[in-house]
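A short write-up of the structure that comes next.
The values are calculated or read from the model by the stated rules, or taken from the named source; none is laboratory data. All figures in this text were calculated on a predicted structure; none of them were measured in a lab. In this analysis, Cβ positions are derived from the backbone assuming ideal geometry, glycine residues included, and neighbour counts consider all displayed protein chains. In case anyone asks, the SASA skips ligands and DNA or RNA and just uses the protein heavy atoms, side chains included. Shrake-Rupley method; radii C 1.70, N 1.55, O 1.52, S 1.80 Å.
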Amino acid sequence: MVEKLHEEHDVSRLICGLPSVDEWLQNQARANARHVATHVCVDGAGAVVGFFALKTVIVATAGYSSRIRNGSQEGQSVGILLCQMGLDKPLQGSGHGKLLLRRALAEAVAAHEISPVQLFLVDAANEDLIEFYKFPGMQLIPNTTRLIAPMGAVVKAVKA
């Protein structure tokens, strides 16, 4: 089950193997709750086994393809950023990560339906994770680990 992070969730036991991601969840997720929507995946016993965090960002679109710039105002667009995501190590490699990513995309689409945004972005924690986050329409920003897609591509990915 996926739900918004609240005080009763014990996030101290989730270890995804990337210290910066584990530390963010344990030390910053609640402190940033006003600006970042963190969702946790809990197992049948109520243990937190995964999470993702989304926030709204302003994206400078100068230099991007017309597909990305579409809808920009004065060279800027509003986007939803998947800024953090982690899955407990014992569950990695079992398909649960892709399910969690699909849920994050579905949450972004739901937010888009309420207040339309133009873009979806992902900050991969490292280069090894870039392929994990790619889906049709997602483009890697050169010389970074950030990926970007028009929200239309995200809607199609969720409905596929």
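Restricting attention to the range 1-59, the residues being farther than 16 Å from residue 85 by Cβ and in a helix (DSSP H, G or I) number 1.
Each residue in the range 112-155 was checked for being open to solvent by 40 Å² or more (accessible area, probe 1.4 Å) and either touching a strand residue (DSSP E or B) at 6+ places or on another chain (Cβ under 6 Å) or more than 20 Å from residue 77 (Cα to Cα) (or both), and 15 pass. In the range 67-95, the residues that are on the phi > 0 side of the Ramachandran plot reach residues that are in a loop (DSSP other than H, G, I, E, B) and surrounded by 19 or more Cβ atoms within 10 Å (Cβ to Cβ) with C-beta atoms within less than 6 angstrom, at least six apart or across chains, in these pairs: 71/118; 75/61. Scanning the range 49-58 for residues that are of a type outside the set (Ser, Thr, Tyr), under 15 Å from residue 121 (Cα atoms) and either surrounded by fewer than 19 Cβ atoms within 10 Å (Cβ to Cβ) or touching a residue at least 40 places away in the same chain (Cβ under 8 Å) (or both) turns up 52, 54, 55, 57, 58.
In the set 86, 79, only one residue is under 30 Å from residue 13 (Cα atoms) and either open to solvent by less than 40 Å² (accessible area, probe 1.4 Å) or in a loop (DSSP other than H, G, I, E, B) (or both); that residue is 86.
Each row is one residue, and each column tells you yes or no for (1) under 23 Å from residue 151 (Cβ atoms); (2) open to solvent by less than 80 Å² (accessible area, probe 1.4 Å); (3) touching a Lys or Arg at 6+ places or on another chain (Cβ under 6 Å).
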| residue | (1), (2), (3) |
| --- | --- |
| 18 | no, yes, no |
| 24 | no, yes, no |
| 29 | no, yes, no |
| 34 | no, no, no |
| 40 | no, yes, no |
| 44 | no, no, no |
| 47 | no, yes, no |
| 60 | yes, yes, no |
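The set of residues from the range 98-111 being open to solvent by 60 Å² or more (accessible area, probe 1.4 Å) and among the hydrophobic types (A, V, I, L, M, F, W, C) comprises just one member, 99.
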